[in-house]
Every structure is written in C-alpha cells, then in structure tokens.
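Engineer: One structure coming up, written as structure tokens, with questions to follow.
The values are calculated or read from the model by the stated rules, or taken from the named source; none is laboratory data. Keep in mind that what you see is a predicted model, and the values were worked out from it rather than measured. Cβ placement follows ideal geometry from the backbone for every residue including glycine, while neighbour counts extend to all protein chains displayed. Protein only, heavy atoms only, side chains kept; ligands, DNA and RNA dropped before computing areas. Shrake-Rupley method; radii C 1.70, N 1.55, O 1.52, S 1.80 Å.
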Amino acid sequence: MTALRAIRGMNDILPPDAGWWREIESRITRVLANYGYQEIRLPIVESTQVFSRSIGDTTDIVQKEMYTFTDRNGDSLTLRPEGTASCVRAVLENGLLQTPQRLFYMGPMFRHERPQKGRYRQFHQVGVEAFGMDGPDIDAEMILMTSQLWKALGLNQLRLEINTLGTPAVRAQYRDRLVEYFSDHLDQLDPDSLSRLTRNPMRILDSKNPALKALITNAPRLVDSLDDESTAHFLSVRAVLDAAQISYRVNPHLVRGLDYYSKTVFEWITDELGAQGTVCAGGRYDGLVEQMGGRPTPAVGFAMGIERLIELIPGRPEVRTDADLYVIGATVSEKPTALAAAETLRTAYPDLRTLCHCGAEGLKSQMKRADRSGALVAIIIGADEYAAGEVTLKPLRGQGEQCRVTREKMASALGPLVERTQEISPLTGVLAQSIRSIPGGN
Ligand code: ATP
Ligand code: MG
C-alpha cells in the first residue's frame, strides 16, 4: 500500500514548532487587543460568489488560485483564499456596521499556487479590518500598530513602502494612460504582462520580472494625476508616520493585487525571503462594502502571512523539550502514588508541563527518558520513598542538589529548584516565561 501523504503545499506544523506558533499568535493578539481590536471567527468555506464578487474577476486569485468545488447540493463553494471578503460578508449579514468596528481574525487560507519557500497552498494569515472610519487617522494608526507588532515579535529588518491609489475615477483615467504606454512597448512585455494589459493593467507594475524593471520605472505615475482629496489624505497619513518617526519609502508603483483598494496602500517587506518578501500588506478599500451589497462604508485593513513572519523571527526553540517536571514510580507498586503526585504538581504549577512516566520500564530506563525529555527535575518515588511517604527530587539540569522531602512539602520544595535550574539552562523564551509565573518563583 502506498503511504498516505499530505497535499503538496499544505504543511503539518509539528511540535515544538506548533508551540512556537501559539506563542507568536498570542503576542500578535496582545498587540491587537492593545489597540482595541476584537476577534471575529469566520468560516473556512464560503459561497464562491463571496470571493468572485469582491476580489474581482481579473485578479490572479479568482482567475487561477481558488480551490472551488461543487458540494452535494450542487452549490459552488470555495476554500477562502483571503479573509477580507468573508469579513465584509459577515459584518453585513450580522448588521455590525451601525457603529465603527475594529476586527481581526487568524487562520488558514487556501490558494492553488506553485509551492516554494514562503509560498504554500494552505498558509496562515492574521487579518485586521476597520470599518466606518474614513479619515487618514485610522490608516496611520493601523500602520503604527503593525510597527508595534514587529517590536513585539523581535523583528527589525522590515521596511515600509506606502502609496496612494487615489479615487476610483482617478484610477480609471490612470489605467487608460497605462494601457497606452504599455501598448507602445508591446515587444518588451512578457506573456504574463500581456494578459494583464487587457485584464488588469495596473498589475503589470507589480511584476517581479527583472526584465521589465526599466519599462516599469519609466511608466506614467499615478501620483502625477492625483485628485486633491486623495493627496491631502495621503499627506496626513505621512504626517503621522513622520511624527512617530516611522521610516518609509513612497513607492509610486505599489499597487496591490486586489481590485478593491483605494487611497492608502502599504506593504512591509524584507529582503531575507527572496521573491516572497512581502510579509504584511494592506490598505483602504472604501468601495468594497457597497460592492458587496451594503451601504457605502469606508474601510481599511491588512493581512500578514504567518509562515513568512515565523521564518524571520529570532528565538525559535532549538532545544526540544517535552516536559519541565518528570515523575517516576520505580515499579508498578509505586505507580498510583506517582500519578497522584503528578496531579498535585500540576495543580501547584499549572504553567509547567508535568509528565508522569507511563509504561512498565524499570527505574533506570525511566531515568534515561526523564533526562531525554529535557525536564528540569525528576520526582522519583521508589520503594523507600513510598514507605516513608516521601519523594526524591533530582535536578536534571544545572547544579541544584538532590534531596528527599515529604510528599506534603514536595511542591514548595520544587519551587526554588526549578527557578535556580532555569537560570543556567538553555530554555526557550516560552518556557522561561511560564516559569517566571510559578507560585513562589519570581
Ligand atoms: P504575493 O505577491 O506574495 O503573491 P499577495 O499580494 O498575493 O502576495 P495578499 O493577498 O496581499 O498577498 O496576502 C497578504 C499576505 O499573505 C502576503 O503578504 C503574504 O505574507 C501572505 N501570503 C499570500 N499568499 C501566500 C502564500 N501562497 N503562501 C504564504 N503566504 C502567503
Ligand atoms: Mg499572490
């Protein structure tokens, strides 16, 4: 029988990485909550129309990247390729737009792309959307918040690029000028750009083909024909960034792939991930809510790819540890006491991982496992200890002294031992943090 395998581009996240993911997600959530954003949980599958009506028929996503299928009722469904459309669908359906909303979500997205480093078919995004605010202040605050996110994640290699796309009317005129320009240079366009020329000419500016670089640099720029309102909006966003000393580059060719953006767009980019360098991307999309059947409602948002972020974040756990405390009953007779002792320890130290050895191995091989588990301390109950109502505490890392204490004193005696060992042991930030919160520890 052939072995079963995961779908190409859809990855398992194994321990200890999954624990690291959880830590990263919780740091992100903390920053978003700090700015008053609330979580919204959305379905992974939606009617295909949710995406085709919003993202735009001419985009790569709708044209060739969606996982679309017909379900048993004959309805066309799609695994969500992004979250904004679902989020707009949900706030409209549930009548949440009476007041301004600051929302975020996180979870898997699906796109049928060619898998490579930083580009997968199932990947994860954190998405943030703010509805009902039309001023430049919310755009700017959102960018400041992303900057705080990088601090919380220990990232300092990201650079910010911003641009404005103007109003839909300005964009329509600009589009015509672009078509005219590129049509004069048809011989220089690659097949991808040729097909974009009729479908979505602004996307040619997004091309990553180095052969097109000069042609794109010399293309007409939208900034040169911008309307007054968009110019003022953009200047106000920039004024906030300047006041907060956030450095950025205005990139007149930053257009974003999706059709629904207007005014502010921004991307955070790194040079460390090759062509997959965009870690976070967003902007204003004032027309989308109306386009999806709601009343005109201004909106701004961004999404960031967790896989690309994780790749960049320092401090990923290198030492694999399965447990902090390892409880051993020497033989089957001490097993019930060992299990009971483990329960006591879990209650006393809810943030530590207490593993009680399960299985029939002898004391020696249990000790080997305890050591390999990476635990800080082994709690051993042999025949002697059992008879005396005591346990042996044996530090496995560092220089703490082995000792015997009564079962009643076990939890409190462990406190300083765990703490002392932790200072010299190569532990992950995650574990160090949970130890800091142990009762009596500091
Ligand atoms: P790209 O230009 O890299 O294809 P995009 O414009 O399609 O990106 P968005 O739709 O704006 O990306 O999604 C926001 C973020 O989600 C991206 O900046 C990236 O970090 C992440 N992302 C998008 N597609 C993928 C993918 N296939 N695999 C991993 N991360 C992705
Ligand atoms: Mg893409």
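Engineer: Per residue, how much accessible area does the chain have with a 1.4 Å probe, in Å²?
Structural biologist: Per-residue accessible area for the chain comes out at 49 Å².
Engineer: With each pseudo-label sitting 7 Å past Cα toward Cβ, what's the Arg372-Asn209 distance in nm, one decimal?
Structural biologist: Roughly 5.4 nm, to one decimal.
Engineer: Run the paramagnetic zone check for Leu42: 7 angstrom along Cα to Cβ, then residues of the stretch 64-89 with backbone nitrogen under 12 Å.
Structural biologist: 80-89
Engineer: Ordered by packing density, taken as the mean number of other Cβ atoms within 10 Å over each peptide's residues, highest first, how do 323-334, 401-412, 383-394 rank?
Structural biologist: On the way: 323-334: 21.4, 401-412: 14.4, 383-394: 17.1.
Per-residue Cβ counts within 10 Å, averaged per peptide and sorted highest first, yield 323-334, 383-394, 401-412.
Engineer: By a straight-distance test (C-alpha under 30 Å), which lysines pair with Lys64 as possible cross-link partners, with residues fewer than eight away in the same chain excluded?
Structural biologist: Filter leaves Lys117, Lys208, Lys213, Lys263.
Engineer: Hey, another quick one. Taking a ≥ b ≥ c as the square roots of the Cα gyration tensor eigenvalues, with a/c under 1.5 meaning rounded and otherwise prolate when a/b beats b/c, else oblate, which class fits the chain?
Structural biologist: On the way: a/c = 2.59, a/b = 2.32, b/c = 1.11.
Note, shape of the chain comes out prolate.
Engineer: I want to check the label-to-label distance for Gln173 and Arg8. Put each point 7 Å from Cα in the C-beta direction and report it in nm to one decimal.
Structural biologist: Computed distance between label sites Gln173 and Arg8 equals 4.7 nm.
Engineer: Any chance you could check the Cα centroid distance between the stretch 327-376 and the stretch 40-89 for me, in angstrom?
Structural biologist: 49 Å
Engineer: Still on this structure, please answer the following. Order these peptides, 128-137, 23-32, by their mean beta-carbon neighbour count within 10 angstrom, highest first.
Structural biologist: Values: 128-137: 19.8, 23-32: 16.1.
Top of the packing list down: 128-137, 23-32.
Engineer: While we're looking at this one, here's another question. Return the distance in nm (one decimal) between the two label points of a simple spin-label model at Ser195 and Asp57, each offset 7 Å from Cα along Cα→Cβ.
Structural biologist: Between Ser195 and Asp57, the label points sit 1.6 nm apart.
Engineer: Of His253, Cys358, Leu241, which is farthest towards the positive pole of the chain's charge dipole, taken about the Cα centre with +1 and -1 on the beta-carbons of Lys, Arg and Asp, Glu respectively?
Structural biologist: Cys358
Engineer: Can you spot the lysines whose alpha carbon is less than 16 Å from Lys394's alpha carbon? Ignore those fewer than 8 places along the same chain.
Structural biologist: Within the straight-line limit of under 16 Å, Lys394 reaches these lysines: Lys364, Lys368, Lys409.
Engineer: Still on this model: Cα gyration tensor of the stretch 34-161, axes a ≥ b ≥ c as square roots of the eigenvalues: rounded (a/c below 1.5), prolate (a/b > b/c) or oblate? Before the final figure, lay out the partial values.
Structural biologist: Details: a/c = 2.14, a/b = 1.31, b/c = 1.64.
Taking the square roots of the gyration eigenvalues as a ≥ b ≥ c, the stretch 34-161 is oblate.
Engineer: Pull out a ≥ b ≥ c, the square roots of the eigenvalues of the alpha-carbon gyration tensor of the stretch 180-292, then state rounded if a/c is under 1.5, prolate if not and a/b is larger than b/c, and oblate in the remaining case. Walk me through the numbers before you get to the answer.
Structural biologist: On the way: a/c = 1.69, a/b = 1.39, b/c = 1.21.
Taking the square roots of the gyration eigenvalues as a ≥ b ≥ c, the stretch 180-292 is prolate.
Engineer: Hey, another quick one. Can you give the accessible area of Glu39, probe radius 1.4 Å, in Å² rounded to 10?
Structural biologist: About 90 Å², rounded to the nearest 10.
Engineer: Where does the chain land at 222 nm, in deg cm²/dmol rounded to the nearest 500, when only DSSP H runs of n ≥ 4 count, each adding -39500 (n - 2.57), divided by all residues? Can you show the working numbers first?
Structural biologist: Working: 15 runs with 164 residues, N = 442.
Calculated mean residue ellipticity at 222 nm is -11000 deg cm²/dmol.
Engineer: Return the carbon/sulfur percentage of the accessible area of the chain, one whole number, probe 1.4 Å, all protein chains in place. Could the numbers behind the result be given before it?
Structural biologist: On the way: 10670 of 21520 Å².
Reported share for carbon and sulfur atoms: 50 percent.
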